[in-house]
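The values are calculated or read from the model by the stated rules, or taken from the named source; none is laboratory data. Keep in mind that this is a model prediction, so the values were computed, not measured. Every residue, glycine among them, receives a Cβ derived from its backbone with ideal geometry; neighbour counts consider all protein chains shown.
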Amino acid sequence: MNKKIVLLLSVILFTSCHFGRYVTRLNANITDHKFFTNTAIAKGEKSFHFQEKPTAFTVNVNEDRMSLDERLKETATVSFLVIHKDTILFENYYKGYKEGDISNIFSASKSVTSLLVGIAIDEGKIKSVKDPVVNYIPELKDGDPNFQKLTVEDLLEMRSGLRFKEAYLNPFAHIARLYYGKNQLKQFKKLKFDYEPGEVHDYQSISTAILGMVVERATHMELGKYLEQKVWQPMGMEYDASWSVDDNKNRSAKGFCCLNTNARDLAKIGRLYLNNGTWEGQQIVSKEWVLRSKTVNMDNDCYQYQWYTQSGRDYEDKNGNAYTDSLSAVNGAIENNYKNYYVERKPKSVNEWRVNYCTDNFYAVGILGQILYVNPENEIIMVRLGEKSDISYGRIFMQIIDQIENQKKGLL
């Protein structure tokens, strides 16, 4: 290799700490917690355990039918859990993983960071979602003037207006610097804005990264330790966890990505939200916060306070005919009992319309298919953790829900 190229690569590696990490790790992986510095999260003295009633589920694969377990063996799944009314109906582990093994849940961590924001507000440590972020991170006052306008709620709703791209395959992109970098605050201070805060909804990990620091500054605790004290131990998590931080010197938690836990304990976060913030008689976070987090916000792409509500699109009526005008699309939405919807003309079409809708089902999700899914109507919680997102797990969830409903009706 040309000596000049070798020299150039050496300079890059030694002057860009995040690039060195990127090169050695190549791609983000569920085992990254083994390499990153982290905050230990200890379980408490008592653990909450779900009941167990093993149940067989089947799923459609093309035109065939096969067991859920056999289907999951074909995928990159490492754990899959189905809970109905506090009873585990299905639980299995793959790729050598066991019940207590932890892995990075990536962006599903964002929903947990939101939970901690809610608790900090309940405690008065964060006064309001309308508070300017600079109240908690005053160093940002020296950056772009728009930081003065940026509020906690702008971050929660992914309406920061910041110039930040989620380009995961580019080692020099914002997200690579954030994930592999060693000083989050230094990165925050350099950021510029493309829009006024609050104007445009744009999913950006940087918003949650800043939120995590807001919680840490407001509580004077590392994010992982605040989680341990307010959630992990009071809720009887069964296993220790950890939250990766930027480095040993700064110890700023990566609130956007890097809570490391297992399927059972992640499911308990779903149970907390299913029960409106109450855990075995104790109000962990206010009911108002949970309702705000899981009540559909159609103006924000079915995304609210770092949680998604399940969305879909409907292009045809029950007879298989395309919606040819707005009225027929509205009638279709009414026939399908959609609670939250709007209709619009299909892109690049003159006379075809579609219904965009959101359901009451809500979920947290990570880039490699880490999913915490809650179906409130049937009190169902499902968790899928894996090495990559390789098939439509949403379809599998819906098939499982249908089978549970049919079992209740005595049809199976």
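If you go through the stretch 43-54 and keep only what is over 23 Å from residue 78 (Cβ atoms) and either touching a helix residue (DSSP H, G or I) at 6+ places or on another chain (Cβ under 8 Å) or among the aliphatic types (A, V, I, L, M) (or both), you end up with just 44. Tell me, please, whether a residue that is assigned to a helix (DSSP H, G or I) and touching a residue at least 24 places away in the same chain (Cβ under 8 Å) can be found in the stretch 243-258. Looking for residues that are assigned to a helix (DSSP H, G or I) and touching a residue at least 24 places away in the same chain (Cβ under 8 Å), one finds none in the stretch 243-258, hence no. Residues in the stretch 118-129 that are assigned to a helix (DSSP H, G or I) and farther than 19 Å from residue 309 by Cα: 119, 120, 121, 122. Counting only residues that are farther than 17 Å from residue 107 by Cβ, out of contact with any strand residue (DSSP E or B) (no Cβ under 6 Å at 6 or more places or on another chain) and without any contact (Cβ under 8 Å) to a residue 60 or more places away in the chain, the stretch 175-192 holds 6 of them.
Please enumerate the residues belonging to the stretch 256-272 that are under 12 Å from residue 100 (Cβ atoms) and among the charged types (D, E, K, R). The answer is 264, 265.
Scanning the stretch 212-235 for residues being within 17 Å of residue 183 (Cα to Cα) and over 21 Å from the mean Cα position of the chain (by Cα) gives a total of 1. Restricting the stretch 68-117 to residues that are assigned to a strand (DSSP E or B) and among the aliphatic types (A, V, I, L, M) leaves a set whose member that is nearest to residue 168 (Cα to Cα) is 78. Taking residue 185, is it surrounded by fewer than 21 Cβ atoms within 10 Å (Cβ to Cβ), outside any helix (DSSP H, G or I) and among the hydrophobic types (A, V, I, L, M, F, W, C)? No, not satisfied.
I'm trying to understand the selection: among the residues of the stretch 280-306, which are of a type outside the set (A, V, I, L, M), in contact with a helix residue (DSSP H, G or I) (Cβ under 7 Å, 6 or more places away or on another chain) and over 19 Å from residue 224 (Cβ atoms)? Spell out the reasoning first.
Residues of the stretch 280-306 of a type outside the set (A, V, I, L, M): 280-283, 286-289, 292-295, 297, 299-306.
Next, only the ones that are in contact with a helix residue (DSSP H, G or I) (Cβ under 7 Å, 6 or more places away or on another chain) stay: 286, 289, 293-294, 304-306.
Answer for the stretch 280-306, where residues must be of a type outside the set (A, V, I, L, M), in contact with a helix residue (DSSP H, G or I) (Cβ under 7 Å, 6 or more places away or on another chain) and over 19 Å from residue 224 (Cβ atoms): 286, 289, 293, 294, 304, 305.
Among the residues of the stretch 193-200, are any crowded, with 24+ Cβ neighbours inside 10 Å and either at positive phi or in contact (Cβ under 8 Å) with a residue 12 or more places away in the chain (or both)? Checking the stretch 193-200: not a single residue is crowded, with 24+ Cβ neighbours inside 10 Å and either at positive phi or in contact (Cβ under 8 Å) with a residue 12 or more places away in the chain (or both).
Each residue in the stretch 218-237 was checked for being at negative phi, touching a residue at least 12 places away in the same chain (Cβ under 8 Å) and surrounded by fewer than 18 Cβ atoms within 10 Å (Cβ to Cβ), and 2 pass. Among residues that are β-branched (Val, Ile, Thr) and under 22 Å from residue 273 (Cβ atoms), residue 400 is included. Evaluation of residue 175 against the conditions (1) crowded, with 24+ Cβ neighbours inside 10 Å; (2) in a helix (DSSP H, G or I) shows that the sole unmet condition is (1).
With (1) out of contact with any Leu (no Cβ under 8 Å at 6 or more places or on another chain); (2) buried (at least 18 other Cβ atoms within 10 Å of the Cβ); (3) modelled with pLDDT of 95 or more as the list, and residue 387 as the residue in question, which single condition is left unmet? The number of the failed condition is (1).
Residues of the stretch 53-67 that are in a strand (DSSP E or B) and surrounded by 12 or more Cβ atoms within 10 Å (Cβ to Cβ): 58, 59, 60, 61, 66, 67. Scanning the stretch 130-161 for residues that are surrounded by 16 or more Cβ atoms within 10 Å (Cβ to Cβ), in contact with a strand residue (DSSP E or B) (Cβ under 7 Å, 6 or more places away or on another chain) and assigned to a helix (DSSP H, G or I) yields a count of 2.
Checking the conditions here, which among 214, 200 is farther than 25 Å from residue 29 by Cβ, of a type in the set (Val, Ile, Thr) and part of a helix (DSSP H, G or I)? Result of the check over 214, 200: 214.
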